[in-house]
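Bear in mind that the values in this text are calculations on the coordinates, not laboratory data. No experiment lies behind these values; they were computed from the predicted model shown. So basically every Cβ, Gly included, is an ideal-geometry build from the backbone, and we count neighbours across all protein chains shown.
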Amino acid sequence: MYSSNYTFSVADYPFKHAGPVPSARMIDREDELRLLGRAAGERTPIRLAAPRRYGKTTLLAAHAEAVGRSGWRAVRVDLGGISDLAGLTRALLVAWAGHREAGPVRRAERLAGRLGADVSLTGPRITLAPARAEPSDHGRLLEELLALPDEVAKSTGDPVLVVLDEFQDLLVAGPGLDARLRAVIQHHQDVAYVFAGSEPSMLARMFERHEAPFFGQAEPLTLSPLPIESTIDEVERRFAELELSPGDAAAALVELGEGHPQRTMLLCHLLARRLTEPDGGAGTEGDADALVDLVLQDALEQTAEIHAAALAPLTRNQRIVLGEVAHGRAPTSADLAARQGATRGSFHQAAEALVTAGQLLARDPGPRWRLIDPLLRLRLRR
Ligand SMILES: Nc1ncnc2c1ncn2[C@@H]1O[C@H](COP(=O)(O)OP(=O)(O)O)[C@@H](O)[C@H]1O
Ligand SMILES: [Mg+2]
């Protein structure tokens, strides 16, 4: 099974399993791209909500590329992990650095510099030291940065796409920032916005509470699991590209991945690794089931810490609910309540809280409960 021709450029490795993948490697998502394209054309704001590692950033990068081909300027702001105003202004400056040839962008950078913020430009990167600027200065700079999309559109004549990724972290940076953002961007003319986030509940709070500044302001878009059959076809093409022969193991692993984009790629990556290493499949020649088992073991090892961290903050009832769902049983049955000496209501609440948090448990129409991460499901069944 070992292939001596196993060479690829790292940038184009077909089973990349962390961070966004290049658009040419994106599986499916044509409908979502079309919807995003149409919405941009109409300047309809979109809010994209999906669990972590479900392919939001990948899709948005493909969208930015597509509108870029028709003469748009695309700016992706990564709000992930920001904790204060300085972090927000830094994220915006970094996002705009690629459009420095536009006058308004250079003006905003000069303001940042004058405010004593240390805007040192090394290549396209900006490091903005927050220490020397007062919070009010960052406020002024923020207004300027938030106004940029409209000003750049006006001064260049190009429509602008602004993607605010990990948008839920905006509120971590400071209370009322959503209201300030809204106040500025509601007057923008030739600008299309996409708000993307990995905590559906938080995003929902920002857009669905009546008193929230963005209430009713954006059309919702969610990401479904990848379609199994076309994913199998694509994955098998990629193994062929790597000159590897996975037999039936690839299809079996894609099915076990249940359409979870990152988990599917991780499983394929681990399979490719097994197939590449001399005797990586130790004694499994031609036995797809044995090979699949080995890869699952690898995958559960790789995800052990992440799963432990995800389970750690959960209540006892929430853990019971996940266990029941993992075993294909209803998490709110009278039988379970009797066995555990608790009320059905308390399990229902636990399940609802998990669905609201958006990372572990989802409810499909039915109502049927489903673990978002197929590897966590397998772990809980062991
Ligand atoms: N459409 C897709 N096709 C193939 N792999 C995908 C796709 N979407 C996501 N992935 C996989 O999931 C991983 C995480 O994708 P990413 O776009 O960073 O997700 P998110 O932004 O939702 O956290 C990627 O490294 C890749 O392995
Ligand atoms: Mg992302």
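General observations
- The coefficient of translational diffusion for region 29-222, derived via Stokes-Einstein from the alpha carbon Kirkwood radius under 20 °C and 1.002 mPa s, stands at 127 µm²/s.
- Taking ILE82, ILE306, ILE320 as the candidate residues, the one with maximal mean-square fluctuation in a Gaussian network model of the chain, Cα springs under 10 Å, is ILE306.
- When the Gaussian network model of the chain links Cα atoms closer than 10 Å, the mean-square fluctuations of ASP190, ASP28, ASP279 top out at ASP279.
- Cut-off under 5 Å, modelled amide H: who pairs with GLU219 long-range: ILE46, ARG47
- Table column - 3J(HN,Hα) (Hz), region 19-25, Karplus curve with 6.51, -1.76, 1.60, x for Gly and Pro: x, x, 9, x, 4, 5, 9
- Computed from backbone phi with θ = phi - 60° and the Karplus coefficients 6.51, -1.76 and 1.60, the 3J(HN,Hα) list for region 162-179 is 10, 9, 9, 8, 6, 4, 4, 6, 3, 6, 5, 5, x, x, x, 5, 5, 5 Hz; x is used for glycine and proline.
- With K and R counted +1 and D and E -1, the other residues having a Cβ less than 9 Å from that of PRO149 yield a net charge of -2.
- Ellipticity estimate at 222 nm from DSSP helix runs (n ≥ 4, -39,500 (n - 2.57)) divided over the chain, nearest 500: -15500 deg cm²/dmol
- The chain: most fluctuating residue of HIS269, HIS187, HIS260 per GNM, C-alpha cutoff 10 Å: HIS187
- Contact order for region 315-357, expressed relative to its length and based on alpha carbon pairs under 8 Å spaced 6+ residues apart, stands at 41 percent.
- Relative contact order of the chain, defined on C-alpha pairs under 8 angstrom at six or more residues apart (%): 19 percent
- Burial ranking of peptide ranges 58-64, 17-23 (average Cβ count within 10 Å, highest at the top): 58-64, 17-23
- Quarter of the Cα convex hull surface for the chain, i.e. its orientation-mean projected area (nm²): 21.9 nm²
- Its Cα gyration tensor gives region 227-302 an equivalent ellipsoid. The semi-axes, each the square root of 5 times an eigenvalue, are 18, 14, 11 Å from largest down.
- Rounded to the nearest 20, the Cβ-based charge dipole of region 219-294 about its Cα centre (Lys and Arg +1, Asp and Glu -1) stands at 280 debye.
- Cα principal axis extents for region 310-381, largest first, Å: 29, 28, 22
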